[in-house]
1. So, in segment 194-235, of the ones that are of a type in the set (A, V, I, L, M) and part of a loop (DSSP other than H, G, I, E, B), which residue ends up farthest from Glu166 (Cα to Cα)?
2. If we keep just the residues of segment 113-127 that are surrounded by 16 or more Cβ atoms within 10 Å (Cβ to Cβ) and touching a residue at least 12 places away in the same chain (Cβ under 8 Å), which is farthest from the chain's Cα centre (by Cα)?
3. Looking only at segment 273-281, decide whether some residue is in contact (Cβ under 8 Å) with a residue 60 or more places away in the chain and touching a Ser or Thr at 6+ places or on another chain (Cβ under 8 Å).
4. Just to be sure before I move on: is Ala119 modelled with pLDDT of 95 or more and over 17 Å from Pro84 (Cα atoms) in the structure I sent?
5. How do the pairs read when you match residues in segment 128-150 that are touching a residue at least 40 places away in the same chain (Cβ under 8 Å) and among the hydrophobic types (A, V, I, L, M, F, W, C) with residues anywhere that are surrounded by fewer than 17 Cβ atoms within 10 Å (Cβ to Cβ) and part of a loop (DSSP other than H, G, I, E, B), using Cβ under 9 Å and keeping only pairs 6 or more apart or on different chains?
6. Of these, Thr19, Thr63, which one is surrounded by 12 or more Cβ atoms within 10 Å (Cβ to Cβ), modelled with pLDDT under 85 and either not small (Gly, Ala, Ser) or not assigned by TED's automatic domain parsing to the domain that holds Ala266 (or both)?
7. Do we find that Val287 is part of a helix (DSSP H, G or I), of a type in the set (A, V, I, L, M, F, W, C), farther than 21 Å from Ser157 by Cβ and out of contact with any helix residue (DSSP H, G or I) (no Cβ under 6 Å at 6 or more places or on another chain) in this structure?
8. Which of the residues spanning segment 165-181 are among the charged types (D, E, K, R) and surrounded by fewer than 24 Cβ atoms within 10 Å (Cβ to Cβ)?
Amino acid sequence: MDQAPGSPQGPQGAPSLPTCYRHPDRETGVRCTRCERPICPECMISASVGFQCPECVREGSGTGHAPGASQPRTLAGGTVTSDPRLVTKILVGLNLAVYLVQLSVGDRFTDSFDLIGRAFVPILGDVEGVAEGQWYRMVTAMFLHGSYIHIAFNMLSLWWIGGPLEAALGRARYLALYGVSGLAGSALTYLIAEPNQPSLGASGAIFGLFGATAILMRRLNYDMRPVIALLVINLIFTFGWSNIAWEAHIGGLVGGVLIGYAMVHAPRERRALIQYGACALVLLAVVVMTLIRTGQLT
């Protein structure tokens, strides 16, 4: 039986979502308010009413303005760029570069920058840790990894989850989400974990991206089952395997959900204030947890 364009049928005649006219492999429930063609999050450009596709924005279709009169915006209000995965590429490259330094320099480099509360580190010959004023460890630990499998799994997750999310949020908002989620994971690890237990990895920030992706998919009425299944699998690994800093995963996930909700649900007229305000509130929680733990250890 023939099918009408844009109205595909799933298995056993069950209806499924149409696919983006620019990315046929991506299902979507959103259409351009001008030409009514289906568009995915990467192609959505926020308009006064709904979303428009890049072609309608570029041509100024029906707006009454010249094509360049207004800057195209992403779903969350960010600037639409020619390379929507640039920040993700930089983050992957930075993590890989730091891992190469770890391999070249050895444990002394890793032990100087991983996350540790307060402990004597034999290779450094002194008491080290965040409680000793080395707050930079909460940031640097986000770019260190313990093995080939560790960094490979994290970078594949970052590329798969991060790219589409960066396209939907825009570079600045995506980078804020990544950084603050990672810090939330570091702070919860510092607060709860044993002070002599080192922690490292980008997992806290990546779990933040997972949380924000779930919020975005819910906002767009996408099928939530794939991202929920992936999140459940990751949580099983988190609590089922030893030597995994579950605190970083949970802290990053909670931070990502809170920030992601503000990113995609903030009203247009106060969008930036609410979005970056949410980031500031999570950062405040990071500072409070860090101060509490430092007071306990000193």
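The values are calculated or read from the model by the stated rules, or taken from the named source; none is laboratory data. Nothing here was measured: the structure is a model prediction, and the numbers come from that model. Glycine gets a Cβ as well: all are built from the backbone with ideal geometry, and neighbour counts include every protein chain shown.
1. Here the residue is Leu200.
2. For segment 113-127, the residue satisfying everything is Ala119.
3. Quick first cut of segment 273-281, residues in contact (Cβ under 8 Å) with a residue 60 or more places away in the chain only: 275-276, 279.
Restricting the remaining residues to those that are touching a Ser or Thr at 6+ places or on another chain (Cβ under 8 Å) gives none.
The answer is no, given that none of the residues of segment 273-281 is in contact (Cβ under 8 Å) with a residue 60 or more places away in the chain and touching a Ser or Thr at 6+ places or on another chain (Cβ under 8 Å).
4. No, not satisfied.
5. Every condition considered, the pairs that remain are Val130/Tyr136; Val130/Pro195; Ala131/Pro195; Ala131/Thr298.
6. Within the list Thr19, Thr63, the selection yields Thr63.
7. The answer is yes for Val287.
8. Answer for segment 165-181, where residues must be among the charged types (D, E, K, R) and surrounded by fewer than 24 Cβ atoms within 10 Å (Cβ to Cβ): just Arg171.
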